[in-house]
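Everything on this sheet refers to the single structure shown next.
The values are calculated or read from the model by the stated rules, or taken from the named source; none is laboratory data. Being a predicted model, the structure only gives us computed values, none of them experimental. All Cβ positions, glycine included, derive from the backbone under ideal geometry; neighbour counts span all protein chains shown.
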């Protein structure tokens, strides 16, 4: 639970978040909280996007979107970290992971907020 509260600081106080990341003040549990937030937001987004073809399609779309995100990150992150090291970055691995997961939290939080429109609009737009 504490890890989720730490992860929500991303949305509450951006300046303090970056200050804590640069000073390496966050415990490793924030990574778990960010992963949970990404999983929940991406699953909801994928489920609603696939809901037009039934329940089975909705659940499989949610699972596929979560898998796509985590497989893409696991493929791209090692090369991204190596390039950062070659360019002379002084960031630790934990700091880079926290910053990358912050971006993914923001990227999938915003579409999740607009999912209600995807639910309401087809109901409203039904021909009379």
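Kindly establish whether residue 46 is free of Cβ contacts under 8 Å to residues at least 60 places away in the same chain, under 16 Å from residue 106 (Cβ atoms) and in contact with a helix residue (DSSP H, G or I) (Cβ under 6 Å, 6 or more places away or on another chain).
On the way: free of Cβ contacts under 8 Å to residues at least 60 places away in the same chain: yes; under 16 Å from residue 106 (Cβ atoms): no; in contact with a helix residue (DSSP H, G or I) (Cβ under 6 Å, 6 or more places away or on another chain): yes.
Considered against the rule, which asks whether it is free of Cβ contacts under 8 Å to residues at least 60 places away in the same chain, under 16 Å from residue 106 (Cβ atoms) and in contact with a helix residue (DSSP H, G or I) (Cβ under 6 Å, 6 or more places away or on another chain), residue 46 comes out as no.
Filter the stretch 1-15 down to residues that are part of a loop (DSSP other than H, G, I, E, B) and surrounded by 11 or more Cβ atoms within 10 Å (Cβ to Cβ) and give me whichever is modelled with the lowest pLDDT.
Out of the qualifying residues, it is 8.
Filter the stretch 20-31 for residues that are in contact (Cβ under 8 Å) with a residue 24 or more places away in the chain and buried (at least 16 other Cβ atoms within 10 Å of the Cβ); which is nearest to residue 101 (Cα to Cα)?
If we take residues in the stretch 20-31 being in contact (Cβ under 8 Å) with a residue 24 or more places away in the chain and buried (at least 16 other Cβ atoms within 10 Å of the Cβ), then 31 is nearest to residue 101 (Cα to Cα).
Is it the case that the stretch 64-87 has a residue that's out of contact with any strand residue (DSSP E or B) (no Cβ under 6 Å at 6 or more places or on another chain), at pLDDT 85 or above, outside any helix (DSSP H, G or I) and surrounded by fewer than 17 Cβ atoms within 10 Å (Cβ to Cβ)?
Taking every residue of the stretch 64-87 in turn, at least one turns out to be out of contact with any strand residue (DSSP E or B) (no Cβ under 6 Å at 6 or more places or on another chain), at pLDDT 85 or above, outside any helix (DSSP H, G or I) and surrounded by fewer than 17 Cβ atoms within 10 Å (Cβ to Cβ).
Consider only pairs whose beta carbons are under 9 Å apart and that are at least six residues apart or on different chains; among these, list those whose first residue lies in the stretch 95-121 and is at pLDDT 65 or above and whose second residue is surrounded by fewer than 17 Cβ atoms within 10 Å (Cβ to Cβ) and not in a helix (DSSP H, G or I).
Close Cβ pairs satisfying both conditions: 95/24; 96/89; 99/91.
Looking at this structure, is residue 52 more than 17 Å from residue 97 (Cα to Cα), touching a residue at least 24 places away in the same chain (Cβ under 8 Å) and within 16 Å of the chain's Cα centre (by Cα)?
In short, no.
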